[in-house]
Amino acid sequence: MNKKTDTSRLRKDIIFTETLRDQTLTFHSTWGIFSPKAVDKGTVMLLDNLEIDPDYHCLDLGCGYGPVGLTMARLAPNGETTLVDKDFMAVEYCRKNAAINGINNCDIKLSNGLQHIREKRFHCVASNMPAKVGSEMMTIMLNDIYEQLHPGGMFYVVTITGLRRYIERNFKEIFGNYKKLKQGEKYTVAMTVKE
């Protein structure tokens, strides 16, 4: 006999509050989106190392439900933060979280990398880079970021520590520079500048 499980509890939004860079935000999330019950440690490490001026135009690449980009939008109230993800559920929840937190200086889009935001230029790009993005997509994204950054613009990433050498090679090849900001047992935060 087949026993059917009641999934109504699992279908409800997961709701939690986090304070990131002195910004308290409420997040709604769901199963199937990265780190649905709490902001992961890599994202916190990334945010703790970002330098953002109040008038910056920022990009959160692979925004998920929005912890990086919505925090960036709060830190740059006179600029605009663009948040993109290729997962439509992530974009839906990111939009919901922007509304819940009253964050209006952001543009949230469904996009595979920067494909659907080619007209935009940024002072700061941040990404919790997924380990499985693939070298071809990584090459496209890094070159697009280089093209769309203002001179002096910064690109910050957090990756699993095992990818740090890969990121270092690619940053040096495309941007000509690399700086490791923080390395932990599991995650490494690095940056590069468009000179």
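The values are calculated or read from the model by the stated rules, or taken from the named source; none is laboratory data. The structure presented is a predicted model; accordingly, all values stated were derived computationally and were not measured. Note: ideal-geometry Cβ built from the backbone for every residue, glycine included; neighbour counts use all protein chains shown.
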Next on the checklist: Tell me the residue from Thr71, Thr26 that is of a type in the set (S, T, N, Q), in contact (Cβ under 8 Å) with a residue 24 or more places away in the chain and under 24 Å from Val189 (Cβ atoms), please.
Outcome noted: Thr71
Next on the checklist: Condition check: among the polar types (S, T, N, Q), in contact with a strand residue (DSSP E or B) (Cβ under 7 Å, 6 or more places away or on another chain) and either surrounded by fewer than 16 Cβ atoms within 10 Å (Cβ to Cβ) or assigned to a helix (DSSP H, G or I) (or both). Does Thr82 satisfy that?
Outcome noted: no
Item to check | Selection within the range 83-128 - over 20 Å from Trp31 (Cα atoms) and acidic (Asp, Glu) | outcome: Asp107, Glu119
Item to check | Single residue of the range 50-65 satisfying the filter (touching a Gly at 6+ places or on another chain (Cβ under 6 Å) and under 10 Å from Ala76 (Cβ atoms)) that is surrounded by the most Cβ atoms within 10 Å (Cβ to Cβ) | outcome: Tyr56
Next on the checklist: For the range 46-62, give me the residue count where each residue is touching a Lys or Arg at 6+ places or on another chain (Cβ under 9 Å) and more than 22 Å from Lys180 (Cα to Cα).
Outcome noted: 1
Checklist outcome for this item: Filtering the range 1-45 down to residues that are buried (at least 16 other Cβ atoms within 10 Å of the Cβ) and aliphatic (A, V, I, L, M) yields Ile14, Leu20, Leu25, Ile33, Val39, Val44, Met45
Next on the checklist: Of everything in the range 90-138, what is in a helix (DSSP H, G or I), more than 13 Å from Val68 (Cβ to Cβ) and modelled with pLDDT of 95 or more? Give them in sequence order.
Outcome noted: Val91, Glu92, Tyr93, Arg95, Lys96, Ala99, Ile100
Next on the checklist: Based on this model, can you work out whether Gly162 counts as loosely packed, with under 13 Cβ neighbours inside 10 Å and assigned to a helix (DSSP H, G or I)?
Outcome noted: yes
Checklist entry - Restricting attention to the range 12-41, which residues are β-branched (Val, Ile, Thr), under 12 Å from Pro67 (Cβ atoms) and touching a Pro at 6+ places or on another chain (Cβ under 7 Å)? => result Val39
